[in-house]
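Trainee: Supplied in structure tokens, the structure appears directly below.
Please treat every number below as a calculation from the coordinates, not as lab data. Model, not experiment: these values are computed from the prediction. Note: ideal-geometry Cβ built from the backbone for every residue, glycine included; neighbour counts use all protein chains shown.
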Amino acid sequence: MGKINLLNDYNSSAHPHVIDALRWTEDKRFPGYGTDAETAAAAESVRHLIGRAVADVHFLVGGTQTNLTAAAAFLRPHEAVISPASAHVNIHETGAIEAVGHKILTVPAENGKVRAEDIRAVIEGHTDEHMVKPRMIMISQASELGTVYTLRELRALRDICDKHRLYLYIDGARLGYALASTACDIELGELASVADAFYLGGTKNGLLFGEALVICNPELRADFRYHAKQHGALLAKGFLLGVQFRAILEDGLYFDLARRANAMAYRLASGLTEAEVPLLASAETNQVFAHIGYRQLHRLEEKVLFERWGREDEKGAPIRFVTTWQTTEAEIDEVLDML
């Protein structure tokens with residue numbers, strides 16, 4: 001029997017319903033580059049979820065690809081991105097945003113989230129044409145620490161965007177987990193009303209691969225497919241994305257899987273608290289961050305896959321557990337027994 005896998009939320013191929021949908025394509029033939037009926041139906045499903053009859057929906061393969069293509073499409077060469085210092089685009093995307101020509105201006109992240117006043121300080125510090133021009137705020141929902149922006153927090157960011165003519169872009173790699181969180185007070189339609197663009201992540205929640213980018217602001221829609229093609233993001237077999245998203249969005253499966261993963265994370269966080277293991281952030285979605293002593297850490301490493309996360313000290317190491325729709329109560333209880 002292998003180790004319990006709490007390393008990430010992309011450690012299996014796809015949900016059986018998605019696999020069945022892909023198997024259905026075996027004897028079918030489709031037009032290329034997402035111009036097929038399945039992809040059109042999937043896009044319509046996304047529009048229905050956000051309550052907007054008009055919104056551009058583009059299906060791309062992965063999160064980094066989606067982020068860099070969006071930045072390239074939405075920004076002029078002298079314009080910059082504002083992001084939390086802990087953001088995926090800043091740390092874990094190998095300079096992808098910078099590679100397409102846009103500087104990232106970082107701000108502190110409190111519990112994984114940025115505040116409007118921190119954004120304001122960046123804007124006030126960039127005053128003329130001798131500096132890059134802040135133009136787009138890029139945040140993640142859920143944050144890199146698994147925490148969830150509230151509607152009030154998002155509206156505060158929207159207000160500062162409106163005041164200073166900024167775009168608000170939301171990285172949604174784990175958006176399903178955020179929307180299914182017990183800490184979340186915002187629905188998908190409300191998120192679409194505050195964001196200029198966001199994406200609904202599939203790779204980390206039940207799909208083989210795929211992200212659904214939703215462009216809400218009409219200013220940003222022109223020529224996006226040209227940018228996608230130029231950056232290698234226009235998949236020839238685009239129907240594979242459409243088929244998967246249509247399957248995962250049927251009957252609320254996407255959110256059911258996210259709720260299941262969140263429930264396992266809450267069970268784990270509760271058990272860690274009872275075992276007096278300190279949590280590094282509130283466990284609001286499917287990521288649990290804790291500080292584990294070395295004796296417990298070595299015991300866990302024998303039977304559990306997880307990630308060491310950040311700077312270690314003499315007492316132990318910060319680590320990250322990630323649950324998925326496949327994580328079971330028995331697995332969580334076995335981990336807790338080790339502690």
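Trainee: Quickly work out the Thr127-to-Ile19 label distance, labels modelled 7 Å from Cα along the C-beta direction, and quote it in nm with one decimal.
Mentor: 6.1
Trainee: How many angstrom lie between the C-alpha centres of region 273-339 and region 70-131?
Mentor: For region 273-339 versus region 70-131, the Cα centre distance is 31 Å.
Trainee: Same structure again: If you average over every viewing direction, what projected area does the convex hull of the Cα atoms of region 269-339 give, in nm²?
Mentor: Averaging across all directions leaves 4.5 nm² for the Cα convex hull.
Trainee: Here's something else I'd like to know. If eta is 1.306 mPa s and T is 10 °C, what Stokes-Einstein diffusion coefficient results for region 94-239, Kirkwood Rh from Cα pairs, in µm²/s?
Mentor: Calculated translational D: 96 µm²/s.
Trainee: Something else now. Excluding same-chain residues fewer than 8 positions from Lys237, which aspartates and glutamates have a Cα within less than 15 Å of its Cα?
Mentor: Qualifying aspartates and glutamates at Cα under 15 Å: Glu26, Asp27, Asp36, Glu38, Glu211.
Trainee: Follow-up question, since we're still on this one. May I ask for the Kirkwood hydrodynamic radius of region 154-262, worked out over all distinct Cα pairs and given in angstroms to one decimal?
Mentor: By the Kirkwood definition, the hydrodynamic radius is 15.2 Å.
Trainee: Give me the extension gain from Asp159 to Ala317: residue separation times 0.36 nm, minus the current Cα-Cα distance, reported in nm with one decimal.
Mentor: Length difference between fully extended and current span is 53.0 nm.
Trainee: Over 29 Å between Cα atoms: which of Lys113/Lys204; Lys103/Lys315; Lys204/Lys303; Lys204/Lys229 fall into that group?
Mentor: Numbers: Lys113/Lys204 20 Å; Lys103/Lys315 37 Å; Lys204/Lys303 23 Å; Lys204/Lys229 24 Å.
Too far apart for the 29 Å limit: Lys103/Lys315.
Trainee: Can you compute the modelled spin-label distance between Glu110 and Lys3, with each label point 7 Å from Cα toward Cβ, in nm?
Mentor: Label at Glu110, label at Lys3, 3.7 nm between them.
Trainee: What per residue convex hull volume, in Å³, comes out for region 168-226 when only alpha-carbon positions are used?
Mentor: 81
Trainee: Now for a separate question. Run lengths n ≥ 4 of DSSP H only: what is the helix-derived mean residue ellipticity at 222 nm for the chain, with -39500 (n - 2.57) per run over all residues, to the nearest 500?
Mentor: Working: 14 runs with 138 residues, N = 339.
Only helices count here, giving -12000 deg cm²/dmol.
Trainee: Further, regarding this structure: Checking a compactness column here: for region 217-334, what do you get for Rg(Cα) / (2.2 N^0.38 Å), N being the number of residues?
Mentor: 1.48
Trainee: Of Thr106, Thr64, Thr127, which has the largest mean-square fluctuation in a 10 Å C-alpha GNM of the chain?
Mentor: Thr127
Trainee: Next question, about the same structure. By how many nm would the segment from Asp223 to Ala236 grow when fully extended, if each residue of separation counts as 0.36 nm and the alpha-carbon distance is taken off? Please report the intermediate quantities before stating the final value.
Mentor: On the way: separation 13, 0.36 × 13 = 4.68 nm, distance 1.78 nm.
Between Asp223 and Ala236, full extension yields 2.9 nm more.
Trainee: Over its Cα atoms, what ratio of radius of gyration to 2.2 N^0.38 Å does region 1-85 give?
Mentor: On the way: Rg = 17.8 Å, N = 85, 2.2 N^0.38 = 11.9 Å.
Region 1-85 yields a ratio of 1.50.
Trainee: In addition: When Asp313, Asp118 are ordered from fewest to most other Cβ atoms inside 10 Å of their Cβ, what list results? Before the final figure, lay out each step's value.
Mentor: Numbers: Asp313 9, Asp118 18.
Fewest to most other Cβ atoms nearby, the residues stand as Asp313, Asp118.
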